[in-house]
Amino acid sequence: MDPVQAFLQANALTPPAFAPTSRYYGIATSQLVQADGRTLVFVQRRFLPPPENFALLQTVNIVAGDRLDNLTAQHIGDPEQSWRLCDANRAMQPEALVVNVGATLAITLPEGVPGVGDG
């Protein structure tokens, strides 16, 4: 057995289902046992955080050809963190953030990280 897994089991600790960089990190999972005995594991519902949880760094205007992954790479440093821009801009559908040329996109610190002047 993997020593880390053995330690977790011995101490009744459950490893997180998602990496710390995931949109779903910290979200609990649930199980549903079907009539045939199969167990389905699913992520509980995640709500978009309120806008006041984000400290604004800057805004950018969308131009023709913008892609969310490219904007995220440019402003956050990791194209796989586009969900952070979605959260900060209250977008359920990522493509909605770049479809309207001229729209303003908020670039923020991660949720809950205070910015300058936040107290």
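Can you pull the one-decimal nm distance between simple spin-label points at Glu95 and Arg46, each 7 Å off the Cα toward Cβ?
2.0
What value, in deg cm²/dmol to 500, does the helix sum -39500 (n - 2.57) over DSSP H runs of n ≥ 4 give at 222 nm once divided by the residues of the chain?
After summing the helix terms and dividing by residue count, I get -5000 deg cm²/dmol.
Which of the following values of Cα extents along the principal axes in Å was calculated from the structure shown: (1) 52, 37, 26; (2) 37, 36, 22; (3) 82, 30, 21?
Computing Cα extents along the principal axes in Å and matching it to (1) 52, 37, 26; (2) 37, 36, 22; (3) 82, 30, 21 gives (1).
For labels at Val4 and His75 in the simple 7 Å Cα→Cβ model, what's the distance in nm?
3.3
Which ordering of Ser30, Ser82, Ser22 is given by a fewest-first count of other beta-carbon atoms within 10 Å?
Ser30, Ser22, Ser82
Averaging sequence separations of C-alpha pairs under 8 Å and six or more residues apart, then dividing by the length of region 51-108, give the relative contact order as a whole percent.
50
When only Cα pairs under 8 Å and 6 or more residues apart are kept, what is the percent relative contact order across the chain?
Value for the chain: 25 percent.
Report the gain in length on full extension from Ala28 to Trp83: 0.36 nm times residue separation, minus Cα-Cα distance, nm rounded to one decimal.
The Ala28-Trp83 span can extend by a further 18.0 nm.
Over region 5-74, calculate the relative contact order: mean separation of alpha carbon pairs under 8 Å at least 6 apart, over the residue count, as a percent.
Averaging sequence separation for qualifying contacts and normalising by length gives 15 percent for region 5-74.
Return, ordered by residue number, the residues of region 55-76 whose backbone nitrogen is under 16 Å from a label point located 7 Å along Cα→Cβ of Val113.
Within reach of a label on Val113, which here means backbone N under 16 Å from a point 7 Å along Cα→Cβ, region 55-76 contributes 55-59, 72-76.
Once Lys and Arg get +1 and Asp and Glu get -1 on their Cβ, which of Thr39, Leu97, Thr14 lies farthest toward the positive end of the dipole of the chain?
The residue sitting farthest along the positive end of the dipole is Thr39.
The numbers here are math on the coordinates, done by the rules we state, and not lab data. Fair warning: this is a prediction, and the values are worked out from it, not measured in the lab. Cβ sites come from the backbone with ideal geometry, for glycine too, and all protein chains shown count toward neighbours.
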